[in-house]
Number of protein chains: 2
Amino acid sequence: MRIGEVARQAGVSVRALRYYEEQDLLQAQRSTGGQRHYPESAVARVRLIQQLFAAGLPSRSVRLVLPCVDSGTAAPGLLDHLEAERARISERITDLAAARDRLDTVIANTRNPPPECTHDPK
Amino acid sequence: MRIGEVARQAGVSVRALRYYEEQDLLQAQRSTGGQRHYPESAVARVRLIQQLFAAGLPSRSVRLVLPCVDSGTAAPGLLDHLEAERARISERITDLAAARDRLDTVIANTRNPPPECTHDPK
DNA sequence: CTAAAACCTGACGCTGGCGTCAGGTGCAAG
DNA sequence: CTTGCACCTGACGCCAGCGTCAGGTTTTAG
């Protein structure tokens, strides 16, 4: 596949794919004319990269983590790093949940104003 | 309280507090000499701001949301906005959970290599 | 009264994940 | 052969939430 098709299927921009290559996250064969050529599996890989980015991993970490996800296992030296990232993700989740609860309270209160909240100006 | 104390208690930098003021997220009284003076409640407010930032809200949204959280209720016009933000947060949470699961798989596989993964070079 | 903290206002820098030109090439169709 | 779209390589732009330096003022400890 060529870059445009991968971009479409993975739902990212062409620019993003070039950027991933620049960051050593995604390699491509080159045609004699210099055009990038990807295997089908690239689409899944890009989706994975996006997922890790969405989790807040910087590209450097993604670079480390990718081969592990590919192989399903990790070099022991990376284990600490993986667990650290995992912990950070969990922390973010609880933070997000807390923030969401805040919003929920406000939303609920707005829907039906609670009795205790009745300090309206008479 | 002065700005340094608020910063310490809330666990943020002095610069951040000035930035919040610039963004209309946090007001302060000024002494005759021009120094900022905060009520005790500022600490909690800063923590809240941090929480909302951590949830990915941009300062513009935080500015809208803050009075709602203060009053415990919202102007009806903001309700849609609140729910949109809430939805985004929920989405992020599921995304994060998915990414975490990925890492968990890798971590688990590394800890005790699974039988199905035994294509070691003989 | 003085020295040292703590504070003040600009204003520029940084980081990351791309968006977006500009100016030139590859490749399949007719 | 040429048209035209997809592709190529730089290279600069952007945005947000501060970090950080510069150069000056206020407050407080002694």
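For the reader, a short list of remarks on this structure follows.
- Chain B - percent relative contact order, Cα under 8 Å, separation 6 or more: 18
- Long-range amide H partners of B:Leu26 with built H, under 5 Å: B:Glu21
- Exercise: per-residue mean of other protein chain Cβ atoms within 10 Å, B:45-51: 1
- Each residue, B:Arg63 and B:Ala108, gets one label point 7 Å from its Cα in the Cβ direction; the gap between the two is 4.7 nm.
- Of every Cα-Cα pair in the protein assembly as shown, the percent that sits beyond 35 Å: 36
- Net charge dipole size for chain A [Lys, Arg +1 and Asp, Glu -1 on Cβ; Debye, nearest 20]: 520
- The value given for the stretch B:1-56 is a Kirkwood hydrodynamic radius of 11.2 Å, derived from the mean inverse Cα-Cα separation.
- Computed from the C-beta positions of A:Arg47 and B:Arg88, the FRET efficiency with R₀ = 22 Å rounds to 0.65.
- Residues A:Ala97 and B:Val14, FRET efficiency given R0 of 25 Å [Cβ-Cβ distance, rounded to 0.05]: 0.25
- Rounded to the nearest whole angstrom, the semi-axes of the ellipsoid equivalent to chain B, taken from the Cα gyration tensor as √(5λ), stand at 43, 21, 10, largest first.
- Counted charge near B:His37, where neighbours are those whose Cβ lies closer than 13 Å (Asp, Glu -1; Lys, Arg +1): 0
- When the helices of chain B are scored as -39500 (n - 2.57) per DSSP H run of n ≥ 4 and the total is divided over every residue, the value at 222 nm lands at -21500 deg cm²/dmol.
- Rounded to 10°, Cα long-axis angle of helix B:59-71 versus longest principal axis of chain B: 70
- For the stretch A:32-101, the equivalent ellipsoid derived from the Cα gyration tensor has semi-axes of 28, 17, 9 Å, listed largest first.
- Across the stretch B:35-50, coupling constants 3J(HN,Hα) worked out from phi with the 6.51/-1.76/1.60 Karplus curve, θ = phi - 60°, read 8, 6, 9, 10, x, 4, 4, 4, 4, 5, 5, 4, 4, 5, 4, 4 Hz, and Gly and Pro carry x.
- Derived scalar couplings between HN and Hα for the stretch A:97-103 equal 4, 4, 5, 4, 4, 4, 4 Hz in order, rounded to whole Hz, by the Karplus curve 6.51 cos²θ - 1.76 cosθ + 1.60 (θ = phi - 60°), x for Gly and Pro.
- Heavy-atom accessible surface that A and B bury in contact, both chains counted, 1.4 Å, Å² to 100: 3400
- Mean projection area, nm², convex hull over Cα of the stretch B:74-113: 2.8
- Database remark: amide H of A:Thr73 closer than 5 angstrom to no amide H (H placed geometrically; neighbours at sequence offset of 5 or more, or on other chains; Pro and chain starts carry no H).
- Summing Lys and Arg as +1 and Asp and Glu as -1 over all other residues whose Cβ lies under 12 Å from the Cβ of A:Ile3 gives a net charge of +4.
- For residues of B:66-74, the mean tally of beta carbons on other chains within 10 Å: 5
The values are calculated or read from the model by the stated rules, or taken from the named source; none is laboratory data. Since we're looking at a predicted model, the values are computed, not measured. Neighbour counts are summed over all protein chains in view; Cβ atoms, including those assigned to glycine, are modelled from backbone coordinates with ideal geometry. Ligands, DNA and RNA are excluded from the accessible area calculation, which covers all protein heavy atoms including side chains. Shrake-Rupley method; radii C 1.70, N 1.55, O 1.52, S 1.80 Å.
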